[in-house]
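Where a number appears in this text, it was derived from the coordinates with a stated rule and is not lab data. None of these values were measured; they are calculated from a predicted model. Please note: Cβ atoms are built from the backbone with ideal geometry, for glycine as well, and neighbour counts cover all protein chains shown.
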Amino acid sequence: MNSPHTGQWREHFAGVDLPVPLLGGSTVTGINFDNAASTPPLTRVRDVVNGFSDLYSSVHRGTGYKSRVSTEAYEHARERVSQFLGVDESDQVVIFVKGTTDALNRIAAEEARLDGRQVLVTEMEHHADLLPWRHRSGHVMVGLSDGGHIDLDAIEQALKKGHGKISLVALCGASNVTGFVSPLHEVAELAHRYGARISVDAAQLAPHHRIDVRPADDPGHIDFVSLSGHKMYAPYGAGVLVAPRDFFAGAPEVMGGGAIDIVTWDDTVWTDLPDREEAGSPNVIGAVALGVAIETLLELGFEAMLEDEMALGTRMLEGLTEIPGVGVLGGAEPSTPGGRLALSSFVVEGLHHGLVAAALSHEHGIAVRHGCFCANPYVFHLLHMSKAEVVQVEGEVTAGRRKALPGAVRASLAPYNTEAEVDRFLEAVASIARGRIRASYEQAADGTFAPAGGWPRIPSPLHAIVKH
Ligand SMILES: Cc1ncc(COP(=O)(O)O)c(C=O)c1O
């Protein structure tokens, strides 16, 4: 029966039934609701990585059998990514990088060479899609609607005002704080109308939605896509940057072996893409893992999986909004204009976000994330903080009192999660919101809460892995 209640996708994911220790000495099957931070590998990905390790060798220039097999596997992974995103390789190039942060920094480094050009960003962005622009290329930041949504009018006004100066619009495909999905193709049309390109930070979107970059002559096409393998069930250190071929005109940002045709005593002749942008020995296993993850998601039924995940997300969102004292960032509407990921960030009245997260973990075996989720401006916006309040917090943090940072608790789902897990989570949050926190916790200067009597003991054999 195709129901999220039965967890029909669960068997395809590794490590999801792990017993985790609780305070007091008992264990419980852990619930992982921290998928927006990182995901477990698909079992097939894990098994392919293990098997491929026997075949692994350097790629491209080796003549040995294993080298040839590894090169084929690496390039096959590139094709998989390309097909998955609808890339036309005559126009765009797929480059393997470390992850989204690396990809966005690469774009920003190139942008920085375009004198006087600026990048338009929204207040919604993760710091990976904000700081590289701010500190390398220069940026203009546009505000959001009161509810924390992309404001197309504000984007158009900013593009009009900066016409000729703004070369790029940088936008997340989906927010890692509210799960709001951005109207990518509408923003792309606007960007192109005003002579700019669009870069999509797809770290959160790619694992949960099909992305189609569309052909270059489509006004709504997407010029750049950045994503991370570890957020899409291939946590082996590889990510992707898709970029227009003509973007990489000069010397690459990262220089080294493999990126050249010839180096003489005085000259360097850079080689063709993608090798020119992949200097050094690439992460072959990571790239292969990502290719297999994509292949597996498609084979299992990406759309059906995501439908189940969305149903769970709605159940969680609706359940949270019914709990007295709980407020969800971005409101309770599951079907916002562009859609919403199965992810909710929430605050519990009167309780520090770190304390709620600690109690969920140590007393209920539920893994979540808390804080500002590397998206400070967006969280400040969603918490309706005034500029003066933010300045005050900044002063506290600068003085070393990081616990002054406000924040929320985030629960983010994946297809292997189940209704039973969502219900256990909702019960736990409801009980915490009623003040039922059994243990006592101490808050460190950085704001995190630790159990006063020490962490729950990690049982063997895991003990051996973490204590060497
Ligand atoms: C929206 C968004 N962008 C970028 C990143 C950075 O991804 P990575 O740490 O894989 O480079 C994250 C990670 O949480 C994210 O959620």
Item to complete: Calculate the radius of gyration of the Cα atoms of region 129-185 to one decimal place, then report Dmax, the largest Cα-Cα distance, as a whole number, both in Å.
Response: 11.8, 32
Worksheet item: Residue by residue, what Karplus-based ³J(HN,Hα) values in Hz, rounded to whole numbers, does region 276-282 have, using 6.51, -1.76 and 1.60 with θ = phi - 60° and x for Gly and Pro?
Response: 4, 9, 10, 4, x, 6, x
Discussion item. I'd like to know which of G15, V69, P235 lies farthest towards the positive end of the charge dipole of the chain, counting +1 on Cβ of Lys and Arg and -1 on Cβ of Asp and Glu.
Written reply: G15
Discussion item. Roughly how far apart, in whole Å, are the Cα centres of region 146-170 and region 300-327?
Written reply: 31
Worksheet item: How much FRET efficiency would the formula 1/(1 + (r/R0)^6) give for E394 and E333, where r is the Cβ-Cβ distance and R0 is 25 Å, rounded to 0.05?
Response: 0.20
Worksheet item: Hey, which lysines would be in cross-link range of K98, C-alpha to C-alpha under 19 Å, not counting anything within fewer than 8 residues on its own chain?
Response: K231
Discussion item. For G338, what residues show an amide H to amide H distance below 5 Å, using hydrogens built from the backbone and excluding near sequence neighbours?
Written reply: V181
Worksheet entry | Segment W265-A445, length gained on full extension (0.36 nm per residue, minus Cα span) | 59.4 nm
Worksheet item: Can you list the residues of region 137-173 with backbone N under 16 Å from a point 7 Å past the Cα of H384, pointing along Cα to Cβ?
Response: 145-149
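Is the shape of the chain best called rounded, prolate or oblate, per the rule: a/c under 1.5 gives rounded, else a/b larger than b/c gives prolate, else oblate, with a ≥ b ≥ c the square roots of the Cα gyration tensor eigenvalues? Each step should come with its number before you reach the end.
On the way: a/c = 1.72, a/b = 1.27, b/c = 1.36.
Oblate, since a/c reaches 1.5 and b/c is not below a/b.
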Worksheet item: What does the charge add up to near V254, with Lys and Arg as +1, Asp and Glu as -1, over the other residues with Cβ less than 13 Å from its Cβ?
Response: -3
Response to the item:
Diffing region 375-388: the Karplus 3J(HN,Hα) column from phi (6.51, -1.76, 1.60, θ = phi - 60°), in whole Hz with x for Gly and Pro, holds 9, 3, x, 5, 5, 4, 4, 5, 8, 6, 7, 7, 4, 5
Item to complete: Post the alpha-carbon centroid distance, region 35-65 to region 383-403, in whole angstrom.
Response: 44
Practice prompt. Give the long-range amide H neighbours of V97: residues separated by 5 or more places, or on another chain, with amide H under 5 Å away, using H modelled in the peptide plane at 1.01 Å from N.
Written response: G239, V240, L241
Discussion item. Output the 0 to 90 degree angle, nearest 10, between the alpha-carbon long axis of helix 65-85 and the longest principal axis computed from the alpha carbons of the chain.
Written reply: 70
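Where does each of W133, W9, W455 land when they are ranked from fewest to most other beta-carbon atoms within 10 angstrom? Before the final figure, lay out each step's value.
Working: W133 26, W9 22, W455 11.
Listed from fewest to most nearby Cβ atoms, that is W455, W9, W133.
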Worksheet, complete the sentence: Pseudo-spin-label distance R68 to A251, built 7 Å along Cα→Cβ, given in nm, is 3.7
Worksheet item: What does the charge dipole of region 47-298 about its Cα centre add up to, to the nearest 20 debye, if the Cβ of each Lys and Arg holds +1 and the Cβ of each Asp and Glu holds -1?
Response: 380
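Quickly estimate the mean residue ellipticity at 222 nm for the chain, helices only: each DSSP H run with n ≥ 4 gives -39500 (n - 2.57), and the total goes over all residues, rounded to 500. Before the final figure, lay out the partial values.
Numbers: 12 runs with 153 residues, N = 468.
Result for the chain, helices only: -10500 deg cm²/dmol.
Hey, fewest Cβ within 10 Å first, where do Y56, Y378, Y194 land in order? Let's see the in-between values first.
Working: Y56 16, Y378 29, Y194 19.
In order of increasing Cβ crowding within 10 Å: Y56, Y194, Y378.
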Worksheet item: In debye, nearest 20: dipole of the chain around its Cα centre with unit charges on the Cβ of K, R (+) and D, E (-)?
Response: 1400
Worksheet item: For region 162-170, what does the Karplus curve 6.51 cos²θ - 1.76 cosθ + 1.60, with θ = phi - 60°, yield as ³J(HN,Hα) per residue in whole Hz, taken in order and with x for Gly and Pro?
Response: x, 3, x, 9, 8, 9, 8, 10, 10
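First check a/c for region 203-350, with a ≥ b ≥ c the square roots of the eigenvalues of its C-alpha gyration tensor; if it is under 1.5, answer rounded, and if not, answer prolate when a/b is larger than b/c or oblate otherwise. Write out the running numbers ahead of the final one.
Numbers: a/c = 2.48, a/b = 2.45, b/c = 1.01.
Taking the square roots of the gyration eigenvalues as a ≥ b ≥ c, region 203-350 is prolate.
Size of the dipole of region 38-127 about the Cα centre, Lys and Arg at +1 and Asp and Glu at -1 on the beta carbon, nothing else charged, in debye to 20?
Numbers: 11 positive and 14 negative charges, 97 e Å.
Computed about the Cα centre, the dipole is about 460 debye.
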Worksheet item: Quick one: helix 284-300 against the long Cα principal axis of the chain, what's the angle to the nearest 10°, folded into 0 to 90?
Response: 70
Practice prompt. Excluding residues on the same chain fewer than 8 positions from K161, give the aspartates and glutamates whose Cα lies under 15 Å from its Cα.
Written response: D153
Worksheet item: Given H placed 1.01 Å from N in the peptide plane, which residues other than close sequence neighbours of T271 have an amide H under 5 Å from its amide H?
Response: I260, D261
Worksheet item: Helix 302-322 versus the longest principal axis of the chain: what angle, 0 to 90°, nearest 10, using Cα atoms?
Response: 40
Worksheet, complete the sentence: Quick note, region 176-287: a/c under 1.5 would make it rounded; otherwise a/b > b/c is prolate and the rest oblate (a ≥ b ≥ c, C-alpha gyration tensor); here it is oblate
Worksheet, complete the sentence: Per-residue Cβ contact counts at 10 Å, fewest first, order E427, E123 as E427, E123
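Can you give the extra length, in nm with one decimal, that the chain gains between R193 and T27 once fully stretched, where that is 0.36 nm per residue apart less the Cα-Cα distance?
Details: separation 166, 0.36 × 166 = 59.76 nm, distance 5.73 nm.
Here the segment from R193 to T27 would lengthen by 54.0 nm.
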